[in-house]
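Working notes, structure below.
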Ligand SMILES: [Zn+2]
């Protein structure tokens, strides 16, 4: 690949964050969870269905912004294998796998329409997160209802 | 054990030790609940009754409990008519009312409302039912009834009726699992207890068996807990009548029952208990309603710090 082709396909970033190994097709959900692009002034580039060593994956690159661990960990709810690379001067200075948080606030909404967290009360949704053989389970702190499937559909 | 300023939100907050503590406190309240002794334990204290949906009996039971202990009650009447209509949030209502009173009893149609209220309240919240969610004082009074009229240790109990939607029986089963009870579930197949709950309860220490007629289970149990089957659960009225008739108790149903069998029911009943049972020593449901008073007295005394 020539330089120009590389530039067209994958733009290397000088400083910022690269979120790699996002479950294929989930990049836009990742942006949503991170409040991007609204929360960043830099260029945000998104690769969907990129080919990696382990098959298809999505990649998100955020220029001139280093994401903090806890804000990124929320994306583990939908992309549990994602890695966070902090880039300085074109080099990866730190690389971490996302950690599934044990508790999430305000990222997803409860599936129970009769839950108090789905009314106009001045509260944010709260879930206890557990990992089971069958996948992630989010238990609403208010009504106790469990979300175990299609978590992406419940993103706020 | 310290209960002062605690909220009473969910039966899940209670360990067996805490339940035993509350039930023991309730026993001491009984003579006062019966009007045999006077008490001014909560004199000068005000309890707000904040019901966003009607439940006359629960409201009366809390009011009686507070009055018997010499406290005052502020009944906020039918709230859906006033502030909800104006669009006020529950959080705001709580932050206003907690300035007027020493504790709040809340009943609300939304699940999780009591937990939300506790996050905004500076005084103890007692959950008197939030939607299909928790109703811990009902569970405690059921346990108290079993303790007083039968026994919690080594209990064999059968639960009959709607075991699918009935939160009362779910909560009771969770609580009884703390005591290692042997539980027999009797329900039409449409209203079986959800598998997930059965698994949970078994994991917590209860032994569960299922059967489909009361007669089959009756000879072996100490307590029979009846619940109402709601017509609305059956699209076909004929099917409802078939099921309802099968889970109805009459003197004949009890032919093989133990002499000391006690029958409970959260009331109101429709026709699942023949009125001929009422005068037998088995009938326990009206006492059960009364026992709600000493249990709520104990809870009020504990959260207001009047007793330890
Ligand atoms: Zn909920």
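Observations, loosely collected:
- In degrees, nearest ten, helix B:167-177 long axis to first principal axis of chain B (Cα): 80 degrees
- Multiplying the residue separation of residue B:151 and residue B:278 by 0.36 nm and removing their Cα-Cα distance gives an extension gain of 43.6 nm.
- Cα-Cα P(r), the protein assembly as shown, percent of pairs per 10 Å interval: 4, 17, 23, 21, 15, 10, 7, 3, 1, 0
- Descending by average beta-carbon neighbour count within 10 Å, the peptides A:29-37, A:146-154 line up as A:29-37, A:146-154, the highest first.
- Helical contribution to [θ] at 222 nm, DSSP H n ≥ 4, -39,500 (n - 2.57), averaged over chain A, rounded to 500: -3000 deg cm²/dmol
- Segment residue B:38..residue B:17, full-extension length gain: 4.7 nm, with 0.36 nm per residue of separation and the alpha-carbon distance subtracted.
- R0 of 41 Å, Cβ-Cβ distance residue B:250-residue B:119: FRET efficiency to nearest 0.05: 0.25
- Base-10 log of normalised Debye intensity for segment A:3-97 (one unit scatterer per alpha-carbon) at q = 0.23 Å⁻¹: -1.30
- Centroid-to-centroid separation of segment B:128-176 and segment B:186-219 [C-alpha atoms, Å]: 14 Å
- Test item: B:222-235 mean partner chain Cβ contacts at 10 Å: 0
- The protein assembly as shown: antiparallel DSSP beta bridges as a percent of all, rounded to 5: 50 percent
- Shielding value for A:118-126 is 5, the average number of Cβ atoms from other chains within 10 Å of each residue's Cβ.
- Remark: mean inter-chain Cβ contacts per residue of B:103-115 equal 5, using a 10 Å Cβ-Cβ cutoff to other protein chain atoms.
- Modelled label positions at residue A:148 and residue A:70, each set 7 Å beyond Cα in the direction of Cβ, lie 3.0 nm from each other.
- Projected-area average for segment B:136-288 over all orientations - Cα convex hull basis, square nanometres: 8.2 nm²
- Peptides B:143-149, B:187-193 ranked from most to least packed by the mean count of surrounding Cβ atoms within 10 Å: B:143-149, B:187-193.
- Peptide ranges B:287-293, B:111-117, B:197-203 listed from the most packed, as the mean C-beta count within 10 angstrom indicates: B:111-117, B:287-293, B:197-203
- Cβ-Cβ distance of residue B:308 and residue B:197, R₀ of 30 Å, FRET efficiency by 1/(1 + (r/R0)^6): the value works out to about 0.30.
- Placing dummy labels 7 Å off each Cα toward the beta-carbon, the span from residue B:167 to residue A:56 is 4.3 nm.
We did not get these values from a lab; they are worked out from the coordinates using the rules stated. Keep in mind the model is a prediction, meaning the values are calculated, not measured. Counting neighbours? That spans all protein chains shown, and the Cβs are built from the backbone with ideal geometry, glycine included.
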